[in-house]
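Structure record follows, encoded as structure tokens.
The values are calculated or read from the model by the stated rules, or taken from the named source; none is laboratory data. Source: prediction; values computed, not measured. All Cβ positions, even for glycine, are placed from backbone atoms using ideal geometry, and neighbour counts span all protein chains on display. SASA here: full protein model, heavy atoms, side chains in, ligands and nucleic acids out. Shrake-Rupley method; radii C 1.70, N 1.55, O 1.52, S 1.80 Å.
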Amino acid sequence: MAADEPLVLGIETSCDETGVGIVHGTTLLADAVASSVDTHARYGGVVPEIASRAHLEAMVPTIERALKTAGVSAKDLDGIAVTAGPGLAGALLVGVSAAKAYAYALGKPLYGVNHLASHICVDQLEHGKLPEPTMALLVSGGHSSLLLSADITSDVRPMGATIDDAAGEAFDKIARVLDLGFPGGPVIDRLAREGDPRAIAFPRGLSGAKDPAYDFSFSGLKTAVARWIEAKKAAGEEVPVRDVAASFQEAVVDVLTRKAVRACKDEGVDHLMIGGGVAANSRLRALAQERCERAGIRLRVPRPGLCTDNGAMVAALGAEMVARNRAASDLELSADSSLPVTDPHVPGAHAHGHSHDHSHDHVHEVSKENLYS
């Protein structure tokens with residue numbers, strides 16, 4: 001671990017996890033998470049207001065816990081990174097406000113970074129520097145995207161994305177139809193291991209010759225599974241839950257891995273990185289490994305704890321921003337719930353050589369003069 005590598009704290013609050021991570025270069029020192037998933041479970045999904053309030057309550061204790069675990073003092077940090085988007089607007093605001101307050105109070109540079117680019121960058125903490133270019137398949141509750149990253153701090157290109165439900169959303173909805181509770185991913189994964197993935201031929205969305213090569217669609221699959229279950233119930237038959245779980249999961253991971261490998265081949269990229277919450281799915285990992293080996297592609301998947309939303313991934317991207325001398329954000333940084341992945345970070349207005357960027361709605365303007373007045 002080189003002494004001159006940046007020491008960065010990262011804050012992630014895009015959904016229902018309050019994540020705070022501390023990294024030194026590509027070495028993870030602390031990864032503290034406070035989750036409000038149990039509070040949302042009774043509603044069957046994430047409730048934005050509850051998430052924002054939970055972030056507010058968890059923020060300072062989680063930051064203190066991370067600093068203690070890492071054995072570093074806040075004044076030793078080289079920068080503070082925070083997810084500026086995409087995500088739930090209210091939830092993002094809590095993280096952005098906290099990051100600004102810490103950056104201002106400590107006199108440290110602030111980096112507003114992209115949630116999706118962070119999911120790619122987190123792999124550096126486990127497998128070392130990302131090769132350039134890297135193809136990334138990101139699958140979570142909110143996103144299913146294929147991204148080509150030539151430079152994680154400045155050049156991330158969308159190849160394909162979901163045109164309706166994200167993969168994680170489909171898992172949650174099918175789990176609901178099967179009365180398996182929320183979140184649906186882990187329980188379907190578990191039941192699928194005891195089922196037959198070939199029991200039911202569920203449709204593979206957008207896999208026809210004329211369909212977009214890299215886009216995903218899961219709403220047709222979701223409807224097909226729900227209808228199949230209803231037909232069974234209407235006929236008075238028992239629903240084979242394990243076979244349904246296995247066949248549904250196979251339909252999702254088959255399309256995800258096939259399109260990702262195809263994109264690698266088409267672009268001549270020999271590395272595929274899989275991230276996001278659904279990357280914790282055991283079948284997705286196994287099938288991706290199998291198909292990548294056959295195609296001569298090196299697969300990189302971080303351990304499950306780094307795939308779900310966490311502060312370590314934000315710190316990892318922040319450290320890369322510092323290491324590559326990217327322009328810091330200014331204290332007028334705003335949360336942007338639909339920040340495009342083509343913006344891995346949000347540099348300050350002055351970095352562009354013009355005084356102010358009014359294209360983003362500044363939810364609250366902060367300047368040193370009015371901060372304490």
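Elements of the type strands (runs of 3 or more DSSP E) sitting completely within the stretch 130-204 and holding at least 1 residues that are touching a helix residue (DSSP H, G or I) at 6+ places or on another chain (Cβ under 9 Å) and open to solvent by 20 Å² or more (accessible area, probe 1.4 Å): these cover 155-161.
For the residues SER35, SER52, the requirement of being more than 17 Å from the chain's Cα centre (by Cα), among the small types (Gly, Ala, Ser) and surrounded by fewer than 23 Cβ atoms within 10 Å (Cβ to Cβ) singles out SER52. Residue count for the stretch 61-87 satisfying the condition of being open to solvent by less than 70 Å² (accessible area, probe 1.4 Å), of a type in the set (Val, Ile, Thr) and either more than 21 Å from the chain's Cα centre (by Cα) or more than 16 Å from ASP309 (Cα to Cα) (or both): 2. Against the test of being over 30 Å from ASN325 (Cα atoms) and within 18 Å of the chain's Cα centre (by Cα), the options ILE200, ILE163, ILE174 yield a single qualifying residue, ILE163. The residue that is nearest to ARG42 (Cα to Cα), among those in the stretch 205-223 that are outside any loop (DSSP other than H, G, I, E, B) and open to solvent by 30 Å² or more (accessible area, probe 1.4 Å), is LYS222.
Which condition does ILE274 not pass, out of (1) surrounded by 24 or more Cβ atoms within 10 Å (Cβ to Cβ); (2) closer than 23 Å to LEU180 by Cα; (3) not charged (D, E, K, R), if it passes all the others? ILE274 satisfies every listed condition except (2).
For the stretch 127-143, filtered to residues that are modelled with pLDDT of 95 or more and within 16 Å of the chain's Cα centre (by Cα), the residue that is farthest from GLY311 (Cα to Cα) is MET135. Just one of the numbered conditions (1) open to solvent by 10 Å² or more (accessible area, probe 1.4 Å); (2) in contact (Cβ under 8 Å) with a residue 12 or more places away in the chain is not true of LEU256: (1). Scanning the stretch 98-129 for residues that are free of Cβ contacts under 8 Å to residues at least 24 places away in the same chain and either assigned to a helix (DSSP H, G or I) or open to solvent by less than 30 Å² (accessible area, probe 1.4 Å) (or both) returns ALA101, ALA105.
The set of residues in the stretch 290-332 being charged (D, E, K, R) and within 13 Å of the chain's Cα centre (by Cα) consists of ASP309 alone.
Can you say whether THR257 is farther than 30 Å from VAL20 by Cα, within 18 Å of the chain's Cα centre (by Cα) and not charged (D, E, K, R), as far as the supplied structure shows?
yes
Residue count for the stretch 56-78 satisfying the condition of being farther than 23 Å from ASP16 by Cα, assigned to a helix (DSSP H, G or I) and of a type in the set (Gly, Ala, Ser): 2. Against the numbered list (1) without any contact (Cβ under 8 Å) to a residue 60 or more places away in the chain; (2) touching an Asp or Glu at 6+ places or on another chain (Cβ under 9 Å), ASP164 comes up short only at (2).
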